[in-house]
1. Given the residues 169, 158, which is the only one that is surrounded by fewer than 20 Cβ atoms within 10 Å (Cβ to Cβ), modelled with pLDDT of 95 or more and either touching a helix residue (DSSP H, G or I) at 6+ places or on another chain (Cβ under 8 Å) or not in a strand (DSSP E or B) (or both)?
2. Of all residues in region 93-117, count the ones that are without any contact (Cβ under 8 Å) to a residue 40 or more places away in the chain and either surrounded by 15 or more Cβ atoms within 10 Å (Cβ to Cβ) or part of a loop (DSSP other than H, G, I, E, B) (or both).
3. Being touching a residue at least 24 places away in the same chain (Cβ under 8 Å), farther than 21 Å from residue 4 by Cα and in contact with a helix residue (DSSP H, G or I) (Cβ under 7 Å, 6 or more places away or on another chain) is the filter here, so list the residues in region 52-92 that pass it.
4. Just wondering, is there one or more residues in region 1-9 that are part of a loop (DSSP other than H, G, I, E, B), within 28 Å of residue 156 (Cβ to Cβ) and over 17 Å from the mean Cα position of the chain (by Cα)?
5. Quickly run through region 49-83 and pick out the residues that are surrounded by 13 or more Cβ atoms within 10 Å (Cβ to Cβ), on the phi < 0 side of the Ramachandran plot, touching a strand residue (DSSP E or B) at 6+ places or on another chain (Cβ under 8 Å) and not in a helix (DSSP H, G or I).
6. Here are some residues: 28, 23. Which one is in contact with a strand residue (DSSP E or B) (Cβ under 9 Å, 6 or more places away or on another chain), surrounded by fewer than 19 Cβ atoms within 10 Å (Cβ to Cβ) and assigned to a helix (DSSP H, G or I)?
7. Which of the residues belonging to region 180-197 are surrounded by fewer than 20 Cβ atoms within 10 Å (Cβ to Cβ) and over 17 Å from the mean Cα position of the chain (by Cα)?
8. Select from region 36-48 the residues that are surrounded by fewer than 17 Cβ atoms within 10 Å (Cβ to Cβ) and either more than 30 Å from residue 163 (Cα to Cα) or in contact (Cβ under 8 Å) with a residue 24 or more places away in the chain (or both) and list them in ascending order.
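The values are calculated or read from the model by the stated rules, or taken from the named source; none is laboratory data. In this text the structure is predicted, and so the values were computed from the model without any measurement. As a convention, Cβ positions derive from the backbone with ideal geometry for all residues, glycine included, and neighbour counts pool all protein chains shown.
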């Protein structure tokens, strides 16, 4: 963890002192995701309801600039410009518009796949199906469940473990069964779903900021 990342988490605990009890899990989660991205892996995310919305929110912060510009490296910008020219596209404008990102995909939004699988097979295993197809050793799964007992999230974790995919759990209270499936676990000190989600947001904002600092801050 570099100095900037450490400062981001220190500020998190200052602004949200109740999250200090999660410090060990936060550090483990951050370090696990750093290893995943440094080794060329991707992050998959799953959750239900508000947690599904959190998955999309996190992907949005990782796949483009969050608080930094994340300019495309000059050699890549040149290659993009050259490839765009024969297509009648302003390659310089295209390259200048793109930003660096960390590969992340939510498993909650493919309506055609989710409904087809739910209709043909067991609906609770639609996340697991995606992990089975997309997951590879060295990837990571961020599994979000306010109770820690969501069957579809637990099934995704089971397949992740079988595929060599690391699991980061984000939950509340004692983490339910999800905590037993995780390689790293952040359990916020609340149990009611909406209160758990209120504490999840500042954590994952800090996590995304720290990852951005780790990979894109000069």
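1. Values: 169 fails: surrounded by fewer than 20 Cβ atoms within 10 Å (Cβ to Cβ).
One residue alone meets the criteria, 158.
2. 8
3. Matches in region 52-92: 54, 72.
4. In the first step, residues of region 1-9 are kept if they are part of a loop (DSSP other than H, G, I, E, B); the result is 1-2.
Narrowing the set further to residues that are within 28 Å of residue 156 (Cβ to Cβ) leaves 1.
Add one more test, that the residue is over 17 Å from the mean Cα position of the chain (by Cα), and what stays is 1.
Looking through region 1-9, at least one residue is part of a loop (DSSP other than H, G, I, E, B), within 28 Å of residue 156 (Cβ to Cβ) and over 17 Å from the mean Cα position of the chain (by Cα).
5. 63, 64, 65, 71, 72 - these are the residues of region 49-83 that are surrounded by 13 or more Cβ atoms within 10 Å (Cβ to Cβ), on the phi < 0 side of the Ramachandran plot, touching a strand residue (DSSP E or B) at 6+ places or on another chain (Cβ under 8 Å) and not in a helix (DSSP H, G or I).
6. Numbers: 23 fails: in contact with a strand residue (DSSP E or B) (Cβ under 9 Å, 6 or more places away or on another chain).
The unique qualifying residue is 28.
7. First, pick out the residues of region 180-197 that are surrounded by fewer than 20 Cβ atoms within 10 Å (Cβ to Cβ): 180, 183, 189-195.
Within region 180-197, 180, 189, 190, 191, 192, 193, 194, 195 meet the criteria.
8. Residues of region 36-48 surrounded by fewer than 17 Cβ atoms within 10 Å (Cβ to Cβ): 38-40.
If the condition is that a residue be surrounded by fewer than 17 Cβ atoms within 10 Å (Cβ to Cβ) and either more than 30 Å from residue 163 (Cα to Cα) or in contact (Cβ under 8 Å) with a residue 24 or more places away in the chain (or both), then 39, 40 are the ones that fit.
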